[in-house]
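Novice: The structure's right below; bear with me while I get my questions together.
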Amino acid sequence: MSKIAILGHGVVGSGAAEVFFKNRESIRAKTGQNADIKYILEVRDASAFPGCSYSDKFVNDFDVILNDSEVTVVAELIGGVEPAYRFVKSSLSAGKSVVTSNKELVAKKGAELLKIAREKNVSFAFEASVGGGIPIIRPLHQCLAADSINEVAGILNGTTNFILTKMFRDGMAFEEALKLAQDNGYAERDPSDDVNGVDACRKICILASMIFGKQVNPDSVFTEGITKITREDISFCESRGGTVKLIARAVKNGDSPQVTVCPAFVHKDSQLAGVNDVYNAIMVRGEATGDVVFYGKGAGKFPTASAVVNDIVNALKSPGETGALFWEEDEQPISPPVFSEVCGNIRVLEGF
């Protein structure tokens, strides 16, 4: 019997457990294994989750999981770099596959962790780290592997897209739209990572590392958020026949690729212009395929949890499957962004 451990019982962790238990028999049929969750690592006592049907699985010592040879797959859903990095590295080094939704960890430590997974012939999978429930990592790695990808660009943050939609469509001010997002559960109490573009930056760095083949450091990426967007900026986009979106973009440009996150003008004819509210869309531009767009809910408890459980299923079926997915630890130099025009707080991206 294959045993699974979940690290963290927050929004995504509890969602992953719920999705797994709901579909346990289907998962067992698909993997051919009598898989089950054995542990859930949580610093809070099980009494913090009254009515939880699997409270017997809670532990607060990671070493219990690390030293249990029955555990073959670990789902890291804690977030942040530490202690997640230590837990993930230790698990991979012990020959356990790891799946994660932790975009900060993958953006900063992905190359190293993929290398360890490859050496140990286990999986390090992170579909849920970009786009939530939207498949993008696997399509880039497998379905589009024969093509040369020149550009990846899109709307990678549902919170900012919701706010900009309300500002553009309903005439709200930024502060009013942000409060509405928080009231609806679309924005955290501290929304700084979202509204300042940090979340989108981490996600585009993961995709850029994949298409460039080297680690793209978030600190090297030109990143602007949406906190300064005004009615005048909205009017500028309207006058040009378009809208404003927080666009994260990675473009191959010879030896000087560009990676950018900023509020940008998007013409109404673009496939990204009609992506509103909390939805995300990721455009992949290949030499052979042209433009391919992946669209859906980019965040939320169950879309993200579903992506996590899907990675768990794949890790159970093919433990070393992600071995061909890697990028070099050497940092990829990034060129300064090039804008066709700057008007107020709106950037017009060259060639976009």
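The values are calculated or read from the model by the stated rules, or taken from the named source; none is laboratory data. Keep in mind the model is a prediction, meaning the values are calculated, not measured. Please note: Cβ atoms are built from the backbone with ideal geometry, for glycine as well, and neighbour counts cover all protein chains shown. Protein only, heavy atoms only, side chains kept; ligands, DNA and RNA dropped before computing areas. Shrake-Rupley method; radii C 1.70, N 1.55, O 1.52, S 1.80 Å.
Novice: According to the Cα gyration tensor, what semi-axes, each the square root of 5 times an eigenvalue, does the equivalent ellipsoid of segment 59-145 have, listed from largest to smallest in whole Å?
Specialist: Taking √(5λ) for each eigenvalue gives 22, 15, 12 Å, largest first.
Novice: Another question about this same structure. Where the centroid of each part is defined by its Cα atoms, how far is segment 20-92 from segment 132-168 in Å?
Specialist: One Cα centre to the other: 28 Å.
Novice: Describe numerically, in nm with one decimal, the distance between label points set 7 Å from Cα along Cα→Cβ at Arg231 and at Asp45.
Specialist: Result for the modelled spin labels: 5.5 nm.
Novice: Could you tell me which label, among [x] 30, 60, 9, 0; [y] 27, 50, 23, 1; [z] 31, 55, 14, 0, carries the value of P(r) over Cα pairs in 20 Å bins from 0, in percent calculated for this structure?
Specialist: Given [x] 30, 60, 9, 0; [y] 27, 50, 23, 1; [z] 31, 55, 14, 0, the structure-derived one carries the label [z].
Novice: If packing is taken as the average count of other Cβ atoms within 10 Å, what order do 110-122, 299-311, 243-255 fall into, highest mean first?
Specialist: Details: 110-122: 19.4, 299-311: 23.0, 243-255: 20.9.
Descending mean neighbour count gives 299-311, 243-255, 110-122.
Novice: What fraction of the Cα pairs in segment 184-224, stated in percent, has a spacing above 13 angstrom?
Specialist: Result: 55 percent of Cα pairs exceed 13 Å.
Novice: Based on the alpha-carbon gyration tensor of segment 1-93 and its eigenvalue square roots a ≥ b ≥ c, which shape applies: rounded if a/c is under 1.5, prolate if not and a/b is larger than b/c, or oblate?
Specialist: Note, shape of segment 1-93 comes out oblate.
Novice: Additional query: Quick one: accessible area per residue over the chain, 1.4 Å probe, rounded to a whole number of Å²?
Specialist: For the chain, the per-residue accessible area is 42 Å².
Novice: Now for a different question. Only Lys, Arg, Asp and Glu count, each charged at its Cβ (+1, +1, -1, -1), so figure out the dipole size of the chain about its Cα centre, rounded to 20 debye.
Specialist: So the dipole magnitude of the chain works out to roughly 680 debye.
Novice: Relative to the longest principal axis of the chain, what angle (0 to 90°, nearest 10) does the C-alpha long axis of helix 103-120 take?
Specialist: Its long axis makes an angle of about 40 degrees.
Novice: Ignoring ligands, DNA and RNA, what percent of the accessible area of segment 20-169 is carbon or sulfur (1.4 Å)?
Specialist: Summing carbon and sulfur atoms, their accessible area is 46 percent of the total for segment 20-169.
Novice: So how do His141, His9, His267 rank on accessible area, 1.4 Å probe, biggest first, that is with the largest at the start? The partial results should precede the final answer.
Specialist: Working: His141 45, His9 15, His267 75 Å².
The most accessible residue leads, giving His267, His141, His9.
Novice: Count of lysine pairs in segment 97-234 with Cα atoms under 20 Å apart, counting only pairs 8 or more residues apart in sequence or on different chains?
Specialist: 14
Novice: Separate question: For a Förster distance of 22 Å, can you work out the FRET efficiency between the beta-carbons of Arg240 and Leu180, rounded to the nearest 0.05?
Specialist: Given R0 = 22 Å and the Cβ-Cβ separation, E is 0.25.
Novice: Quick one: what are the phi-derived ³J(HN,Hα) couplings along segment 133-146, Karplus 6.51/-1.76/1.60 with θ = phi - 60°, whole Hz, x for glycine and proline?
Specialist: Per-residue couplings from phi come out as x, 7, x, 9, 5, 5, x, 5, 6, 10, 5, 10, 5, 7 Hz.
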